[in-house]
Amino acid sequence: MEEVLKNITDPACLQGPPLAIDVIKQLDLLGFCLYAVLSFMSCVSLLMYLEQCVYMYKKLPYPKKTTIIWINGAAPVIATMSCFGMWIPRAVMITDMTSNCYFAVVVYKVLVLLIEELGGSKLFLKRFSGTTFRINTGPCCCCCLCLPRVPMSRQMLFLLKIGALQYAILKTVLSVLSIILWTNGNFDLSDLEITGTAIWINPFIGVLTITSLWPVAIVFMNTNGLLRSLSIVPKYAMYQLVLVLSQLQTSIINILALDGTIACSPPFSSQARGSLLSQQIMIMEMFLITLVTRFYYRRTYDAVPFEEHDNDQNAQAVLQATVVEHDV
């Protein structure tokens, strides 16, 4: 019992994250090997991404190549930032916010990719103008089956883009504001008091996240049938997986750390140890996702034909079949 009390009252459990040099000093052989392997994974992820950027820049047309480069960078950027956060625990807040800001842009770029794969905004509107889209999709209204279908129009497409873009802009602004407040001691994730800034900023960011994911889900659910030849379903699944791992998983680990479920292990406090575990797990997961996304994106595809082109081809096929039957 005395040892338990001693561990609970250990000064390291009440301090902030340790310095990088303190982390290096306390590493044993197993810990050093773990850090080395995880650092190697993050470096390989980044190198594969850079090589893929060169390939896409040469093989794909503009603006599709810039969109795909942005989307492919989600996993490598998160892995790289997690590696920095693993080695420098006091920089975790900055590295996490950098990853989250990058992914906020990726959410918008996924919507742009869906539209570009269908020919861009003009052809998208020409193809779907007047077509009703179902909007009872996640994460907002997946259970609201009574919602009416909404006809696609220029105004509707503009609202969808704004809905996804607002997260990229406001998330970046709020992240910069949070870092400024954090340097002044006014922003603390462990401060759950009503007067704390974190208790106001983080829920608002959560609302912005859900609001931005909804337009992307609407476009995907109504167009994925036309894009299956482009492997859009596994691509979208990888994007959703990065979202869940980088947002939900990290939040759960941080909550467990704040609750004390993740025990203190000097020189790491409970919260710092939770952040360390989150960074290490994230590196391994993002490395695997980088391999999978490389398989699906590092290739070229034929453009999705427009409906009128499909009808012309079908009409020609029917005419040729009729001629053949007549000759016979």
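The values are calculated or read from the model by the stated rules, or taken from the named source; none is laboratory data. Quick caveat: nothing in here was measured; it's all calculated off a predicted structure. As a convention, Cβ positions derive from the backbone with ideal geometry for all residues, glycine included, and neighbour counts pool all protein chains shown.
Set side by side, the residues L230, L258, L208, L213 differ, and just one is of a type outside the set (F, W, Y) and farther than 27 Å from F133 by Cα, which is L258. Restricting V216, V233 to those that are surrounded by fewer than 16 Cβ atoms within 10 Å (Cβ to Cβ) and at pLDDT 85 or above reduces the list to V233.
The residues in the range 198-249 that are closer than 21 Å to L165 by Cβ and not in a helix (DSSP H, G or I) can be counted, and the count is 0. If I filter the range 79-89 for residues that are surrounded by fewer than 20 Cβ atoms within 10 Å (Cβ to Cβ) and either basic (K, R) or within 20 Å of I162 (Cβ to Cβ) (or both), do I get at least one hit? No, the range 79-89 has no match at all.
Name the single residue, out of those in the range 49-72 being touching a residue at least 40 places away in the same chain (Cβ under 8 Å) and more than 22 Å from C101 (Cβ to Cβ), that is surrounded by the fewest Cβ atoms within 10 Å (Cβ to Cβ). By that ranking, first place goes to K59. Only one entry of G206, G163 meets the criterion of being closer than 21 Å to T223 by Cβ, within 18 Å of the chain's Cα centre (by Cα) and among the small types (G, A, S), and that entry is G163.
When the range 81-135 is limited to residues that are outside any helix (DSSP H, G or I) and of a type outside the set (A, V, I, L, M), the one that is nearest to L230 (Cα to Cα) turns out to be G119. Say whether the condition of being of a type in the set (D, E) and under 19 Å from F287 (Cα atoms) is met by at least one residue in the range 37-60. Within the range 37-60 (the criterion being of a type in the set (D, E) and under 19 Å from F287 (Cα atoms)), the answer is yes, since at least one residue qualifies.
Here L174 fits the description: under 25 Å from F204 (Cβ atoms), without any contact (Cβ under 8 Å) to a residue 40 or more places away in the chain and more than 17 Å from the chain's Cα centre (by Cα).
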